[in-house]
Amino acid sequence: ASAARTLAETAAPVNLNTATPAQLEGLPGVGPALAQRIVDYRQQNGGFKKIEELMNVRGIGEVSFLKLKALITVTPARTERAATQ
């Protein structure tokens with residue numbers, strides 16, 4: 001767990017709503033097929049509203065999500081109050 005924490009602190013979290021498949025593949029346990037399913041889910045559902053939605057993607061269960069939790073983020077859709085930050 002300490003290695004993952006160090007990685008999360010040194011690297012910017014991957015934004016599930018804007019990451020390319022190559023950026024997603026940089027996450028532990030994410031290969032090309034899973035990266036594509038994440039992108040497909042994002043396109044079909046209008047983006048991720050919270051990181052927990054990643055568990056809706058086939059191939060990502062609770063154990064995988066817990067490993068990725070510190071390494072991922074989402075930003076609100078452009079229609080929300082993104083301009084206030």
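From largest to smallest, what semi-axes in whole angstrom does the range 24-79 give when each is the square root of 5 times an eigenvalue of its alpha carbon gyration tensor?
Semi-axes, largest first: 17, 13, 10 Å.
Hey, any idea what % of the range 19-78's accessible area is carbon plus sulfur with a 1.4 Å probe?
After summing per-atom areas, the C and S share lands at 52 percent.
For Q36 and K50 in one chain, what is 0.36 nm times their gap in residues minus the Cα-Cα distance, to one decimal in nm?
3.2 nm
Each residue of the range 14-28 in turn: what ³J(HN,Hα) in whole Hz from Karplus with 6.51, -1.76, 1.60 and θ = phi - 60°, glycine and Pro shown as x?
These are the phi-based 3J(HN,Hα) values: 7, 7, 4, 8, 10, 5, 7, x, 5, 5, 5, 5, x, 7, x Hz.
Taking amide H atoms as placed 1.01 Å from N in the peptide plane, list the residues 5 or more away in sequence, or in a different chain, whose amide H sits under 5 Å from that of V14.
Under 5 Å from the amide H of V14 lie the amide H atoms of I72, T73, each far enough along the sequence or on another chain.
How far apart, in nm, are two points set 7 Å out from the Cα along the Cα-to-Cβ line at A22 and at R58?
2.7
The values are calculated or read from the model by the stated rules, or taken from the named source; none is laboratory data. Only a predicted model underlies this, so the values are computations on that prediction, with no experimental measurement involved. Heads up, the Cβs are rebuilt from the backbone with ideal geometry, glycines too, and the neighbour counts pull from every protein chain shown. These accessible areas exclude ligands, DNA and RNA; they are computed on the full protein's heavy atoms, side chains included. Shrake-Rupley method; radii C 1.70, N 1.55, O 1.52, S 1.80 Å.
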